[in-house]
């Protein structure tokens with residue numbers, strides 16, 4: 001019996017060691033991103049309108065959690081705030097910022113969602129069903145991003161995007177609304193602007209700042 005018993009003990013010890021190692025690994029903090037280019041990639045479409053760059057991309061998965069979708073129908077406001085920072089490849093200081101804010105309230109009486117979208121060129125109100133909310137609030141279409149004059153020719157640029165569902169700080173949303181009130185294409189950002197910050201401040205330190213935070217980068221564009 002010693003042989004089988006010894007084998008069982010060795011197996012149990014090995015399994016315990018493996019579980020402890022797994023628990024220790026899961027307890028470790030995630031490896032911090034060193035620069036914006038290391039964000040998860042996502043497809044985007046770019047188009048020039050004279051000297052104004054426009055971009056289209058989706059962030060529907062920010063509402064992938066069924067609890068967040070359920071919260072949309074609670075009758076309480078839900079705010080989805082998106083910031084797209086323009087970075088030159090290899091740099092960690094943004095040169096421009098495009099923002100978009102969507103506010104959703106479910107009308108319990110009429111059983112429709114009341115959506116208010118704020119974009120750099122316009123604000124609009126619309127009644128929608130759930131799929132319409134996702135289309136209006138989690139898809140950027142022809143978003144004015146940056147003027148060509150702010151970009152260096154033959155250098156690659158990309159968008160680093162942060163999306164917050166119900167940001168804890170109302171000041172962030174207020175600052176975004178003020179930013180979007182600027183003339184179309186006036187997206188150049190500098191250290192004196194309220195929404196400016198280091199990559200770590202803007203993308204890494206997003207713990208407990210909203211119900212859900214999504215970050216990603218788009219592919220390169222070379223003007």
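The values are calculated or read from the model by the stated rules, or taken from the named source; none is laboratory data. A quick note: this is a predicted structure, and the numbers were derived from the prediction, not measured. Virtual Cβ from ideal backbone geometry, glycine too; neighbours counted across all protein chains shown.
Condition check for residue 62 on (1) within 16 Å of the chain's Cα centre (by Cα); (2) at pLDDT 95 or above; (3) surrounded by fewer than 18 Cβ atoms within 10 Å (Cβ to Cβ): one failure, at (3). Only one of the listed residues (199, 158) is surrounded by 17 or more Cβ atoms within 10 Å (Cβ to Cβ), under 15 Å from the mean Cα position of the chain (by Cα) and at pLDDT below 95. That residue is 199. Can we say residue 103 is under 29 Å from residue 34 (Cβ atoms) and at pLDDT 95 or above? When the stated conditions are applied, residue 103 does not pass them. For the stretch 143-155, the candidate set comprises residues that are in a strand (DSSP E or B) and over 11 Å from residue 57 (Cβ atoms); within that set, the residue that is farthest from the chain's Cα centre (by Cα) is 147.
Residue check: is residue 167 in a loop (DSSP other than H, G, I, E, B) and surrounded by 14 or more Cβ atoms within 10 Å (Cβ to Cβ)?
Here the answer is yes, as residue 167 does meet what is asked.
Here residue 48 passes the criteria (1) loosely packed, with under 13 Cβ neighbours inside 10 Å; (2) closer than 30 Å to residue 109 by Cβ; (3) touching a strand residue (DSSP E or B) at 6+ places or on another chain (Cβ under 8 Å) except the one numbered (2).
Look at (1) touching a residue at least 40 places away in the same chain (Cβ under 8 Å); (2) loosely packed, with under 13 Cβ neighbours inside 10 Å and you find that residue 74 fails only one, number (1).
Does residue 135 satisfy the condition of being within 17 Å of the chain's Cα centre (by Cα), in the same structural domain as residue 173 (by TED's automatic domain parsing) and surrounded by fewer than 16 Cβ atoms within 10 Å (Cβ to Cβ)?
Answer is yes for this residue.
Out of all the residues in the stretch 56-71, which are free of Cβ contacts under 8 Å to residues at least 24 places away in the same chain and in a loop (DSSP other than H, G, I, E, B)?
64
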